[in-house]
2 protein chains.
Amino acid sequence: MTTLSGSGRPGNTRPTIRDVAALARVSLKTVSRVVNGEGSVSDELTGRVQRAIEQLDFRPNFTASSLRRTGGRTKTIGLVLEDLANPFSAAVVRAVEDVARQRGVMVLAGSVDEDPARERALVADFLAHSVDGLIIVPAGADQSYLAPGRRSGTPVVFVDRPPQNLNADAVVAANRDGAAIGVDHLIRHGHRRIAFIGDLPAIRTAADRELGFRDAMARREVDIDEALVRRNVRGVDEAIEVTQRLMELPDPPTALFAAQNVLALGAYAGLRRLGRRADTALVGFDDFPVADLLEPAVTVVAQNPGGIGTLAAETLFRRLDGDDDAMVTHVVPTELIQRGSGEIAPRA
Amino acid sequence: MTTLSGSGRPGNTRPTIRDVAALARVSLKTVSRVVNGEGSVSDELTGRVQRAIEQLDFRPNFTASSLRRTGGRTKTIGLVLEDLANPFSAAVVRAVEDVARQRGVMVLAGSVDEDPARERALVADFLAHSVDGLIIVPAGADQSYLAPGRRSGTPVVFVDRPPQNLNADAVVAANRDGAAIGVDHLIRHGHRRIAFIGDLPAIRTAADRELGFRDAMARREVDIDEALVRRNVRGVDEAIEVTQRLMELPDPPTALFAAQNVLALGAYAGLRRLGRRADTALVGFDDFPVADLLEPAVTVVAQNPGGIGTLAAETLFRRLDGDDDAMVTHVVPTELIQRGSGEIAPRA
DNA sequence: CTGAAAGCGCTTACAG
DNA sequence: CTGAAAGCGCTTACAG
């Protein structure tokens, strides 16, 4: 028995439309018609083609077809995220995937770990692979490098943080308003000495949340003791340490606002070590698993990563469908979830 | 000024190698040589080509090139997971991504939600997109559908659960041994009435963990009270309910072994509601965030999802590099992490 | 209803 | 060192 593959390549190659055509004794175009369900093929030929497909276990090469097909969509989109392993990124991917699936679109995803160079490299790789669109959590402070690509028709939607030096759609959480609501909650429970624990101010969301903290304090005319404002705190361990330092001040805070979930965890652990968990209020920004199982359970200003991802994907597909209205920034509201830690009154 | 694109398509299309060649007044092949750094191009022409590339912001279409290139690799692999949003899946993707990145390979990922039909559909989609290889957490009980694809040269590595009706590489956790170690830990702390809380026995890992539970009990000659063996428990809420039922038995267990992290969370919450957290031992299988912040902190048999993902990716790439040794199943060891809940002695 | 030719963006195999 | 032709797997535009 001879090799079915016409070009005489080794036998273990995937069958092509040419092999099917040869076996069914029809033209390439007829196979193409059957595969794409174009109709207008006689039952006789349709049958022969289908049997050949079955027999060879032929699967059309979608990538090859998109090369010539009008529009030339590859039915893939690229996701540039902070870290696929963190719950926020993971929830975004999942939500995007669900929207994409309905359209038969696959998702390529990659982590950037806050490295601007890696952001650009990943975008370049996705573009080289001809993705139809991009969803990006920007790490760098300049997205102007995307301008040429966008001109050539690849839409981009930013998530979590707005782009800089580029006019593009974005979907962000209500960082400033949400933080203000969380802090206001503490003030209404009687606190006036409220500490702020935040990440690098260079990260836009961290800066916005600090602004929200200041908004709330100003609106209620509560003085901010700058000694209680701690920025540049990274990771659980640093948050634990910072919390312990804060609580050991001569005039310590009665409440903590931790502007990120990991920092809230650190604050919780720090309070616990000092035995101050039960008498110090704590509100965190961004929910985390098991927050409700801690004691006291942790009150948070919850983001909606699933909602953010869904909206980002919908925005991207709207652009792919031809929408060329002005770029918009969607702000997804946060939700204050009261669980106990945020409702502790100040010590007498 | 005329359109640079020779074919007269609308101007906002991405420039091609042809546009570059025209602008640099060289042949296609010369552009190709420069782009691929083949050398053997005069400085004169190299310069002209590079300037044209710069000027047009040309980015080679990798997908098109792989169509003709020998080997025809697309430098993409497909990941079929349970749910991208769950920590186990997320950790696996991240680990795979890191290995793939070193080779300039991108990862396509999708969730299957324990739906066998979705597993097959996703695999078919990945294959249609010509991925170079697949990493799969199987949902269905039959992977024979992959045999034809594998014959045509796409390697597949299974993760978390071995494939059925298909001879392929796999990377799994030491479910049976790990569970036995966790249960043995409870026995050594004096427990004899130990409850087992597990997921659907149809899921291989759940079944294996129950076997491990039975192994440990048999080895120490502890009788199993079948009334304390609860299978088919799904999700936190069911685990909470099951735990409450168990603790309300006339002769309740003194220790619980929860064979999955979500079930451990439910067991913890269930004990807490009954005020039995501090006097009932609990060991969970598979670690979870914040397990160390609960009180008591939860003792677990930790899997190593990162290690599993890394090993799976390495195995896949080894196959892509031509390794055709016999298929192997790698068993990644678990680690018992003692945190408090597993070291509680039985009530007197 | 059916097919032969040309082409998608790029590389291979060959010739100079 | 350089290029013209053929081809990767498929679709388009045209002809019958």
query = Rounded to the nearest 500 deg cm²/dmol, what is the calculated helix-only ellipticity per residue at 222 nm for chain B, with -39500 (n - 2.57) per DSSP H run of length n ≥ 4?
reply = -13000 deg cm²/dmol
inquiry  = Could you compute the net charge surrounding A:Gly270? Neighbours are other residues with a C-beta less than 13 Å from the C-beta of A:Gly270; K and R count +1, D and E count -1.
reply    = +2
message = Less than 12 Å from a label point 7 Å out along the Cα-to-Cβ axis of B:Ala227: which backbone N atoms in the range B:238-261 qualify, by residue?
response = B:246-253
request  = Two decimals is fine: what's Rg over Rh for the range A:17-60, C-alpha atoms, Kirkwood radius as Rh?
outcome  = 0.90
inquiry  = What does the extension gain come out to for A:Arg219 and A:Asp321, with contour length at 0.36 nm per residue minus their alpha carbon separation?
reply    = 32.3 nm
key: Rounded to 5, the percent of DSSP beta bridges in chain B classed as antiparallel   = 10 percent
key: aspartates and glutamates with Cα under 13 Å of B:Lys29, excluding same-chain neighbours fewer than 8 positions away   = B:Asp19, B:Glu38
ask   = Relative contact order for chain B using alpha-carbon pairs under 8 Å, separation at least 6, rounded to a whole percent?
value = 16 percent
key: Percent of beta bridges antiparallel (DSSP, the protein assembly as shown, rounded to nearest 5)   = 10 percent
ask   = Beyond 48 Å, what percent of the Cα pairs of the protein assembly as shown remain?
value = 26 percent
key: Charge-dipole axis of chain A as Lys and Arg at +1 and Asp and Glu at -1 on Cβ define it, positive-most pick from A:His191, A:Val123, A:Pro60   = A:Pro60
request  = Using only Cα atoms, locate the centre of the range B:284-331 and the centre of the range A:187-221, then give the distance between them in Å, rounded to an integer.
outcome  = 40 Å
ask   = What nm distances, shortest first, do you get from the label point of B:Ser144 to those in the other copies when the point sits 7 angstrom along Cα to Cβ?
value = 6.2
inquiry  = Just want to confirm a number: the relative contact order over the range B:17-60, from Cα pairs under 8 angstrom separated by 6+ residues, in percent.
reply    = 45 percent
inquiry  = Kirkwood Rh over alpha-carbon pairs of the range B:277-339, then Stokes-Einstein at 4 °C and 1.567 mPa s: what D in µm² s⁻¹, rounded to an integer?
reply    = 92 µm²/s
inquiry  = Please list, by residue number, every one of the GluC sites (Glu not before Pro) in the range B:241-348 that is coil in DSSP and has at most 10 other beta-carbon atoms within 10 Å.
reply    = B:Glu248
task = Note down the Stokes-Einstein diffusion coefficient of chain B in µm²/s, whole number, using a Kirkwood radius over alpha carbon pairs, 25 °C, and 0.890 mPa s.
result = 105 µm²/s
task = Compute the distribution of all C-alpha to C-alpha distances in the range B:226-348, in bins of 10 Å from 0, and list the percent of pairs in each, rounded to whole numbers.
result = 13, 38, 24, 14, 9, 3, 0
remark   = Here the net charge surrounding B:Leu122, from other residues whose Cβ is less than 11 Å away from its Cβ (Lys, Arg +1; Asp, Glu -1), is -2
message = Could you tell me the extents of the range A:78-223's C-alpha atoms along the three principal axes, largest first, rounded to whole Å?
response = 56, 31, 23
ask   = How far apart are the A:Arg18 label points across copies, placing each 7 Å from Cα toward Cβ, in nm, shortest first?
value = 2.1
ask   = What does the charge count near B:Val96 come to, summing +1 for each Lys or Arg and -1 for each Asp or Glu among other residues with Cβ under 12 Å from its Cβ?
value = 0
ask   = Copy-to-copy spacing for B:Gly306, label 7 Å out on the Cα-to-C-beta vector, in nm, shortest first?
value = 2.8
message = I want to check the label-to-label distance for A:Ala345 and B:Ser40. Put each point 7 Å from Cα in the C-beta direction and report it in nm to one decimal.
response = 8.6 nm
query = Rounded to the nearest whole Å³, what is the per residue volume of the convex hull around the Cα atoms of the range A:72-113?
reply = 50 Å³
ask   = What is the distance, in nm, between label points placed 7 Å from the Cα along the Cα-to-Cβ direction at B:Gln164 and at A:Leu211?
value = 5.6 nm
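Read-outs: derived from the displayed coordinates by stated rules, not from any lab. All of these numbers come straight from a predicted model, not from anything done at the bench. Cβ coordinates were reconstructed from backbone atoms using ideal geometry, including for glycine residues, and neighbour counts include every protein chain displayed.
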